[in-house]
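Down below is the structure, laid out as structure tokens.
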Amino acid sequence: MRRNERVSTAVIRRLPRYYRHLGELQHKGVVRISSSALGKDMGLTASQIRQDLSCFGEFGQQGYGYKVDVLREEIGEILGVSRGHTVVVLGAGNLGRALIENFKFANNGFQLLAAFDVNDSVGSRVAGVPVYHADQLEEFLQKNRVSVGLLTVPKSAAQTMAQRLVNAGVKGIWNFTNYELSLQDQDVVVESVHFSDSLLTLSYMISQTGEQEDTL
């Protein structure tokens, strides 16, 4: 199913939440759920859920709700989890190693092929994933179709490594470097993860709560 270009970023970012929560419901043995019950679980309104899903087609039946397994499968198809995506990690230091060892790439439709670095980890394996020298990146990308490059390199190397990925035809970059990449290829999608942004958002929320309590 192709994405409707008019779908907002906010809707797209809610889809993984639906996918994850429906998986949790499946694990609990829930077979069917209404939009109101799903909304209550997720802190959304029933109309919001119906509006989000209507961007991609018709789901569920009035008076019956949604079949949990079917809806999860259809959302997974929208998200592309069955398309055989592949990923390589650039930077096998502390963060890169932690992601390789702990993040469930396969559960999200990605096969983790390899990692690249320049330190002593080269030639070893991390959780079964081979670590190659960064100089071997282009050769590897020529021989293997790679969907996404995951960047956990130092900030000083982020732009160069990202450009090498783009030059080799990689169309997706998952950027954990806290560096704002500037890439000319408009077909490349960059998803940047800033842990500090999330923490500062939390700081704001708890600060506001404290200020409200002080005024009571």
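Figures for the structure shown
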{"item": "Gain on full stretching of the segment that runs from residue 82 to residue 178 - 0.36 nm per residue minus C-alpha separation", "result": "31.6 nm"}
{"item": "Residue-span extension gain [residue 155 to residue 185] - 0.36 nm each, minus C-alpha spacing", "result": "8.8 nm"}
{"item": "Euclidean distance of C-alpha centroids, the stretch 97-154 and the stretch 159-187, integer Å", "result": "15 Å"}
{"item": "Helix 155-167 axis, angle to the chain major axis (alpha carbon atoms, nearest 10°)", "result": "90 degrees"}
{"item": "Rounded to 10°, Cα long-axis angle of helix 195-215 versus longest principal axis of the chain", "result": "40 degrees"}
{"item": "Most mobile listed residue (83, 125, 13) in the chain, GNM with C-alpha springs under 10 Å", "result": "13"}
{"item": "Calculated on alpha-carbon atoms, Rg and Dmax of the stretch 25-139 in Å", "result": "20.0, 60"}
{"item": "Accessible area expressed per residue, the chain, with surrounding protein chains retained (probe 1.4 Å, Å²)", "result": "61 Å²"}
{"item": "Average projected area [Cα convex hull, the stretch 116-207], square nanometres", "result": "7.7 nm²"}
{"item": "Cα Rg over Rh - the chain, Kirkwood", "result": "1.03"}
{"item": "Highest-fluctuation residue, 122, 31, 190 considered, GNM on the chain with Cα pairs under 10 Å", "result": "31"}
{"item": "Entries in 104/155; 28/143; 28/171 that, when Cα-Cα distance is taken, lie over 30 Å", "result": "28/143; 28/171"}
{"item": "Heavy-atom accessible surface of the stretch 75-125: percent carbon and sulfur, 1.4 Å", "result": "47 percent"}
{"item": "Positive-pole candidate from 179, 162, 146, dipole of the stretch 145-205, charges at beta carbon", "result": "146"}
{"item": "GNM result for the chain, Cα springs below 10 Å: residue of 161, 205, 42 fluctuating most strongly", "result": "205"}
{"item": "Value at 222 nm in deg cm²/dmol, rounded to 500, when DSSP H runs of n ≥ 4 in the chain each add -39,500 (n - 2.57)", "result": "-14000 deg cm²/dmol"}
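The values are calculated or read from the model by the stated rules, or taken from the named source; none is laboratory data. The shown structure was predicted, so the numbers you read here are calculated from the model rather than taken from an experiment. For neighbour counting, all protein chains shown are included, and Cβ atoms are generated from backbone atoms with ideal geometry for every residue, glycine included. Ligands, DNA and RNA are excluded from the accessible area calculation, which covers all protein heavy atoms including side chains. Shrake-Rupley method; radii C 1.70, N 1.55, O 1.52, S 1.80 Å.
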